[in-house]
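Notes for the one structure printed next.
The values are calculated or read from the model by the stated rules, or taken from the named source; none is laboratory data. Since we're looking at a predicted model, the values are computed, not measured. FYI the Cβ positions are ideal-geometry reconstructions off the backbone, even for glycines, and counts take in every protein chain you see. Each accessible area value is taken on the protein alone, full model and side chains, heavy atoms only, with ligands, DNA and RNA left out. Shrake-Rupley method; radii C 1.70, N 1.55, O 1.52, S 1.80 Å.
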Amino acid sequence: MKKLIFFALIVFVCVSLQAAKKSAKKAIPEIDWTKGHSGELLSEEVVEKLSEMRDEG
């Protein structure tokens, strides 16, 4: 059974898109940040990293 998680990203601080992509790629290199991500299946490790980043936010 697959676990379905929706992750909404709400931006509170404006930064350059290029800087955001660079930072995201450094934090989670497993994701190709240059394409869309709707419907992408993420590993448990990536989900955990995204959750930690959200909690630190």
Original post:
Going by a ≥ b ≥ c, the root eigenvalues of the Cα gyration tensor, does the chain fall in the rounded group (a/c under 1.5), the prolate group (a/b larger than b/c) or the oblate group?
Top reply: prolate
**OP:** First compute the accessible area of the chain with a 1.4 Å probe, then give the percent of it belonging to carbon and sulfur atoms.
**Re:** 60
Original post:
For the chain, with only Lys/Arg (+1) and Asp/Glu (-1) charged at the beta-carbon, what is the dipole magnitude about the Cα centre, in debye rounded to 20?
Top reply: 260
**OP:** Take each of the peptides 43-50, 2-9, average the number of other beta-carbon atoms within 10 Å over its residues, and list them starting from the highest.
**Re:** 43-50, 2-9
Original post:
Between Ile5 and Ser51, what is the label-to-label distance in nm when each label sits 7 Å out along the Cα-to-Cβ direction?
Top reply: 0.5
**OP:** Would you mind checking the tilt of helix 17-27 against the longest principal axis of the Cα atoms of the chain, expressed as 0 to 90 degrees and rounded to 10?
**Re:** 50
